[in-house]
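Scroll down for the structure; my scribbles are underneath it.
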Amino acid sequence: MHGTEYCHILDGRIRIKVPEVKGSHAKAGEMESELAKLNGVAHVTANPLTGNVLVLFDSQVINHYHVVAVMKDLNCLNEKASVSPRSHNYVSQFFLQSVTELVLERVIMAVL
């Protein structure tokens with residue numbers, strides 16, 4: 001199990017880089033399937049190209065701590081991995097990285 005490079009959390013939304021998902025369609029599918037079963041989860045996308053997992057959820061029903069706990073149960077995050085909301089500066093630092101990865105992902109998908 002590995003840790004995570006970054007985690008971006010907003011109310012009802014978590015995007016987390018999961019090394020085990022990168023390059024593994026099987027693990028991405030497992031993550032999507034298992035997280036989608038959670039009450040309150042509206043949408044899950046696990047991208048094997050980038051290793052990003054995006055979960056949209058109703059924060060009145062479930063919180064990001066529960067989502068992360070399920071990821072840990074699936075052996076995708078180190079038990080010691082901390083994914084609490086970061087300061088604005090930390091989030092801003094990785095916002096550009098997230099947007100860049102998303103743009104690259106869409107360009108690659110368009111080419112394929």
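The values are calculated or read from the model by the stated rules, or taken from the named source; none is laboratory data. Computed from a predicted model, the values in this text were never measured in an experiment. FYI the Cβ positions are ideal-geometry reconstructions off the backbone, even for glycines, and counts take in every protein chain you see. Please note that ligands, DNA and RNA were not included when accessible areas were found on the heavy atoms of the full protein model with its side chains. Shrake-Rupley method; radii C 1.70, N 1.55, O 1.52, S 1.80 Å.
When LEU10 is tested against (1) modelled with pLDDT of 90 or more; (2) surrounded by fewer than 17 Cβ atoms within 10 Å (Cβ to Cβ), just one condition goes unmet, and that condition is (1). Residue by residue through the range 57-75, note down the ones that are closer than 11 Å to LEU35 by Cα and of a type in the set (Gly, Ala, Ser). Answer for the range 57-75, where residues must be closer than 11 Å to LEU35 by Cα and of a type in the set (Gly, Ala, Ser): just ALA69.
Under the condition of being over 26 Å from ARG106 (Cα atoms) and either open to solvent by less than 60 Å² (accessible area, probe 1.4 Å) or touching a residue at least 40 places away in the same chain (Cβ under 8 Å) (or both), the residues counted in the range 36-59 number 4. Select from the range 60-87 the residues that are closer than 14 Å to HIS8 by Cβ and buried (at least 17 other Cβ atoms within 10 Å of the Cβ) and write down the one among them that is modelled with the highest pLDDT. My answer is VAL67. Within the range 18-35, the residues that satisfy the criterion of being open to solvent by 60 Å² or more (accessible area, probe 1.4 Å) and among the small types (Gly, Ala, Ser) are GLY23, ALA26. From VAL44, VAL55, VAL107, VAL18, which residue is of a type outside the set (Phe, Trp, Tyr), touching a Cys at 6+ places or on another chain (Cβ under 7 Å) and at pLDDT 80 or above? From the options VAL44, VAL55, VAL107, VAL18, the qualifying one is VAL18.
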